[in-house]
1. Filter the range 231-253 down to residues that are within 16 Å of ligand 2 (Cβ to nearest atom), among the β-branched types (Val, Ile, Thr) and open to solvent by less than 30 Å² (accessible area, probe 1.4 Å), then give me how many there are.
2. Please return the ranges of strands (runs of 3 or more DSSP E) entirely within the range 152-267 where 2 or more residues are of a type in the set (A, V, I, L, M, F, W, C).
3. Can you say whether Phe207 is closer than 29 Å to Gly112 by Cα and within 16 Å of ligand 1 (Cβ to nearest atom), as far as the supplied structure shows?
4. If we scan the range 193-200, do we find a residue that is farther than 18 Å from Glu69 by Cβ and either open to solvent by 50 Å² or more (accessible area, probe 1.4 Å) or of a type in the set (Lys, Arg) (or both)?
5. Return the residues of the range 147-167 that are polar (S, T, N, Q), modelled with pLDDT of 95 or more and surrounded by fewer than 13 Cβ atoms within 10 Å (Cβ to Cβ); say none if nothing qualifies.
6. Suppose we filter the range 214-230 for residues that are out of contact with any Gly (no Cβ under 6 Å at 6 or more places or on another chain) and surrounded by 24 or more Cβ atoms within 10 Å (Cβ to Cβ); how many remain?
7. Within the range 113-146, work out how many residues are aromatic (Phe, Trp, Tyr) and either assigned to a loop (DSSP other than H, G, I, E, B) or modelled with pLDDT under 95 (or both).
8. Looking for whichever is of a type in the set (A, V, I, L, M) and within 24 Å of His97 (Cβ to Cβ) here; the options are Val230, Val185. Which one fits?
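The values are calculated or read from the model by the stated rules, or taken from the named source; none is laboratory data. For clarity, every value in this text was computed on a predicted model and none was experimentally measured. In this analysis, Cβ positions are derived from the backbone assuming ideal geometry, glycine residues included, and neighbour counts consider all displayed protein chains. For accessibility, only protein heavy atoms count, side chains too; no ligands or nucleic acids. Shrake-Rupley method; radii C 1.70, N 1.55, O 1.52, S 1.80 Å.
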Amino acid sequence: MDKRFEILLDVIGQAGSRLLEVSRIELRDKVSSKGGDDANMVTVYDVEIQNFLIEKIKQIIPSAVFFAEEQDNDKDVTKAEYCFVIDPIDGTTNFVHGYLHSCISVAMLCFGKPVFGAVYNPYMDEMFYAVRGEGAYLGNRRISVSDRPLSRSIVAVGTSPYNKQTMGSDTFRLAYEIYRGCSDVRRFGTAALSLCYVAAGRTDGFFELALSPWDFAASALIISEAGGIVTDIQGEEIGFSAVTSVVAAAPCVHKFIVETARGVLKQ
Ligand code: IPD
Ligand code: CA
């Protein structure tokens with residue numbers, strides 16, 4: 001692996017150690033909501049970890065530009081030679097609740113295509129990562145998506161909580177139809193880790209009707225390198241500069257989710 005990616009993995013691991021240090025008590029006074037939306041929270045740690053990552057990445061790749069959750073991203077920088085798409089804490093609500101299931105997600109895009117992605121869950125000390133063309137890994141172990149039949153598959157659902165009014169009903173109608181066809185459904189509260197669980201074969205599919213690029217950029221590469229398919233809910237290729245729906249799954253489950261959505265979402 002490129003030496004710079006090895007250093008990046010180390011930096012992302014250090015950011016994860018900071019998450020572990022923070023206690024739930026400390027958090028109470030340090031939470032604010034974004035854009036007047038109660039479900040959309042930011043803590044001082046989101047900002048602190050993002051600043052830490054940006055500073056360290058600039059030392060590794062001085063020409064890097066950043067597309068990150070906790071900053072204003074007015075211009076589309078994602079087509080730059082080195083664009084880092086960062087979610088300093090994916091699963092902020094879990095973090096604030098002391099639910100202990102959150103992660104740090106960092107992707108590097110080269111001219112708009114992901115070439116490196118890492119998602120670190122410090123609570124389990126699990127580093128999922130991929131380099132384009134070199135496979136997907138969990139620590140030292142190569143991972144791949146499952147080949148379970150649909151009837152034994154688990155599908156994770158993302159509830160688009162920041163779009164509850166416009167997407168809540170479609171999300172749950174679709175989740176219900178998917179639930180009828182597979183073995184069971186799950187809701188983890190972090191899109192990035194939900195996608196990595198598909199990549200590792202722990203679950204078989206995932207969908208969410210609205211996600212921002214920092215929620216899925218790193219794990220989209222990890223899934224593709226693990227043999228899975230990532231598209232929007234219509235089955236079309238996704239981009240990395242705007243909010244989009246995301247379906248990520250092992251091939252047979254992907255087909256099932258997209259076909260089910262076609263029936264449910266037109267009603
Ligand atoms: C959120 C999480 C959540 C998903 C939301 C995301 P955040 O990211 O990934 O699981 O349902 O759509 O925005 O706010 O915790 O970084
Ligand atoms: Ca996020």
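1. Selection size over the range 231-253: 3.
2. Those strands (runs of 3 or more DSSP E) span 154-157, 205-211, 229-231, 244-249.
3. yes
4. no
5. Of everything in the range 147-167, just one residue is polar (S, T, N, Q), modelled with pLDDT of 95 or more and surrounded by fewer than 13 Cβ atoms within 10 Å (Cβ to Cβ), namely Ser151.
6. The total comes to 9.
7. Looking only at that region, the number is 1.
8. Of the residues listed, the single one that is of a type in the set (A, V, I, L, M) and within 24 Å of His97 (Cβ to Cβ) is Val185.
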